[in-house]
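Everything below concerns the one structure shown next.
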Amino acid sequence: MTDLARACALVLALLFAWAAVAKVVAHSATVEAFAGLLLPAPAVLAIAVPVVEVAVAAGLVLRPDAVGWTAIALLAGFSAVIVRAQAKGVSTGCACFGAPSSADPVSAADLVRNAALAAVAVVATGCHDARWPSPLAGVSVVVLFIGGAVALGALRRRLAV
């Protein structure tokens, strides 16, 4: 179980780091998306959110047993923003992983993704050491993420119809 937990923590750390870098690289699109989501101070949040995501990514590498819970709380906050945006009829995307805010409006697919990532974070909290996972555990988690991404894409297309 520790190998699986460590692999989950590392893959989740990579995803948080990717999300942070994507927001920094596409800063103006991130500000636009945050404004479209009706968030206060979108320009400030477009800087603060990536900083928090990098901190969580680092924490998942160093102390996944503790920081996994922070990742869950962050994902819950992101989900609350999505639910609020849907309730207000917002038609912008979240630009979560660098996609343009106009790509796909926030939807239930984003909530499913966040729930799946939170589940991965729960598993990551079972990691109590800093050693690298076995290759089998690492490959298993990567395959799971790829399968999840494909399924999420299919769900997003289905919801768009």
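The values are calculated or read from the model by the stated rules, or taken from the named source; none is laboratory data. Note that this is a predicted model, so its numbers are computed, not measured. Positions of Cβ are backbone-derived with ideal geometry, glycine not excepted, and every protein chain shown enters the neighbour counts.
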(request) Taking the options ALA9, ALA5, name whichever one is at pLDDT below 95, part of a helix (DSSP H, G or I), surrounded by 23 or more Cβ atoms within 10 Å (Cβ to Cβ) and over 15 Å from the mean Cα position of the chain (by Cα). (result) ALA5
(message) Could you tell me how many of the residues in region 12-29 are under 17 Å from VAL67 (Cα atoms), aromatic (Phe, Trp, Tyr) and surrounded by fewer than 19 Cβ atoms within 10 Å (Cβ to Cβ)?
(response) 0
(message) Contact list please: Cβ distance under 6 Å, first residue in region 31-56 and closer than 19 Å to LEU75 by Cβ and in contact (Cβ under 8 Å) with a residue 12 or more places away in the chain, second residue buried (at least 21 other Cβ atoms within 10 Å of the Cβ) and among the aromatic types (Phe, Trp, Tyr), pairs at least six apart or on different chains.
(response) ALA46/PHE34; GLU53/PHE16; VAL56/PHE16
(request) Of all residues in region 49-84, count the ones that are of a type in the set (Gly, Ala, Ser), closer than 16 Å to ASP129 by Cα and surrounded by fewer than 21 Cβ atoms within 10 Å (Cβ to Cβ). (result) 3
(message) So, ALA33, is that one of a type in the set (Gly, Ala, Ser) and either over 16 Å from the mean Cα position of the chain (by Cα) or within 25 Å of HIS128 (Cα to Cα) (or both) or not?
(response) no
(request) Determine whether ALA103 is modelled with pLDDT under 95 and small (Gly, Ala, Ser). (result) yes
(request) Sort through ALA26, ALA48 and tell me the only one that's out of contact with any helix residue (DSSP H, G or I) (no Cβ under 7 Å at 6 or more places or on another chain) and modelled with pLDDT of 95 or more. (result) ALA48
(message) For the structure I just gave you, tell me whether ALA43 is modelled with pLDDT under 95 and either more than 15 Å from the chain's Cα centre (by Cα) or assigned to a helix (DSSP H, G or I) (or both).
(response) no
